[in-house]
Amino acid sequence: MNKSNVISLQQSVSEKYSSLARSPSSIKETGVSRAFLNELVAKHLYENGILDLRELVDKVALEWNVLEEVISDLRKEALIEVKGPTENTTGLRYSLTDKGHLFARKAVDKDGYIGYAPVPIEEYRNIIDAQKVHSEIIDKARLTEVFSGVVVQEKLLNQLGAAVNSNQAIFVYGPPGTGKSYLCGKLSKVFSSHILIPHAIYQDGAVVQLYDPALHQAINYEKPSAENVLKNTFDQRYILCERPVIVSGGELSIDQLEVQVDHNTKQFHAPLQLKANNGIYIIDDLGRQRVEPKELFNRWIVPLETQKDYLTVSNGKRMEVPFDVVLVFSTNLNPLELADDAFLRRIGHKVRFDYIDNEEYVQIWKQVCDEFDVNYSEENIGYIFNQFYDRFEMPKLPCHPRDLISMALNHESYECGERKLTNNALRNAWLNYFINMQCVDDEKSAFTYKFDVV
């Protein structure tokens, strides 16, 4: 991103988000208890040794005026001492006294969170409501723009568009390799707005870390200087992100949908659906999880009906959090074998992904050829159709062109030392791509075999 784009984005950020989440100018406006902030600053000093006010601003994400209130409290209690500036620092520096070390150690033992100041749960609910994923109406033109260059049937695209606007869960099903995960993952791009995600949320002294750099895509913008945190920007306890798209596969367990507790660090981490708020959560490979589908479905009944979720945090406390998620169930199995009619009725949209026709197959083949920088040949495509798909009545999947071309190029690189598509290489790729084959493989005999797609 060049400098002019960064500046332009900063102006946009200032205008739109500063009113949504205004930076607090006092401890009261943070919505967090005075005692908690005192402990948080003490823990930062305990972890880092000596910090000046600018460094504390960066670590706690609160404006100078707020931190000066905290420092005043800590000084009155003789928990910190003031040191003069050095050549490499600006202004006064602060460190813990012996009494302060004991105070901080007890705070860490009680709650291991050391990070940005959290956002109170009440404010978080308001932010989620203001950024609802369905606040934008997605029309056909927008969906067509996002999926330009993607080979997808218009009927299927129209079904997905209606489903995204429905404010209901979506059930997508069909054979493996039909593009369910790929197309659903692109749905987040139909939303033009960015969202604010808090680093952590707070209720009654309990902190749950929410922002996850592995799952949330932060937006690059010019941040204000420490002296101007309060001016022309939003509350720095939030980070500006793309709307999230979070995918869980067969590894999903029921406990991942509850607050995660690290007993070694005494820190709490948000479950997947909370991290997906204001975005999309895709449960892929439904029916392959270690948890029974019925138990997994039952977990979503209350959130889907009330748009609220209830999580257990420290000491058995319950936290009511908003549930603003486009929830997508994706499976290769028969939906009627996974869920009963009562639950399926709660899901307004069921979208079937199916095999593709010859024209769609050729379009994808050409795209893959361009991507791999090899020449498209009608002879190659005719050979694949006539010798394999037509002869064995093999259904065509969107994943086939990429997989077959890639394997064929690997074969030619090994045999000839160059990347090119030949009929022989494609034949080799086909024979290596499918399993459970009983075949007669010679130049004069036809292939006769049964197979399953890998």
(request) Distance between Cα centroids, region 145-184 to region 89-142: provide it in whole Å. (result) 36
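State, as an integer percentage, the relative contact order of region 306-380 based on alpha-carbon contacts under 8 Å between residues 6 or more apart.
Computed over region 306-380, the figure is 14 percent.
Given Cβ point charges of +1 (Lys, Arg) and -1 (Asp, Glu) and nothing else, what value in debye, to the nearest 20, does the dipole of the chain about its Cα centre take? Walk me through the numbers before you get to the answer.
Numbers: 50 positive and 64 negative charges, 220 e Å.
My answer is approximately 1060 debye.
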(request) Just add up the charged neighbours of Gln159: K/R +1, D/E -1, any other residue whose Cβ is under 14 Å from the Cβ of Gln159. (result) +3
(request) Percent of Cα-Cα pairs per 10 Å bin, from 0 to the last occupied bin, for the chain, please list those. (result) 4, 17, 22, 20, 16, 12, 7, 3, 0, 0
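Quick one: Kirkwood hydrodynamic radius for region 315-439, alpha-carbon pairs, angstrom, one decimal? Please list the in-between numbers first.
On the way: mean 1/r = 0.0555 Å⁻¹.
Taking every pair of different Cα atoms in region 315-439, averaging 1/r and inverting gives 18.0 Å.
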(request) Determine which lysines satisfy two conditions relative to Lys266: a Cα distance under 24 Å, and not lying fewer than 8 residues away in the same chain. (result) Lys43, Lys59, Lys99, Lys106, Lys110, Lys275, Lys317
(request) Relative to the longest principal axis of the C-alpha atoms of the chain, give the angle of the C-alpha long axis of helix 34-48, reported between 0 and 90° and rounded to the nearest 10°. (result) 70
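Provide the net charge surrounding Arg352, with neighbours chosen by a C-beta distance below 13 Å and charges set as Lys +1, Arg +1, Asp -1, Glu -1. Display every interim value, and only then the final one.
Working: positive: Lys155, Lys180, Lys350; negative: Asp354.
Net of charged neighbours comes to +2.
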(request) With everything on Cα atoms, drop me the angle between helix 3-17 and the longest principal axis of the chain, reported from 0 to 90° to the nearest 10. (result) 70
(request) Positive end of the charge dipole of the chain (Lys, Arg +1 and Asp, Glu -1 on Cβ, about the Cα centre): tell me which of Asn126, Leu272, Thr422 has its Cα farthest that way. (result) Asn126
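Here, each number is a calculation from the coordinates, and none is a lab measurement. Bear in mind the structure is a predicted one, so any value in this text is a computation, not a measurement. Note: ideal-geometry Cβ built from the backbone for every residue, glycine included; neighbour counts use all protein chains shown.
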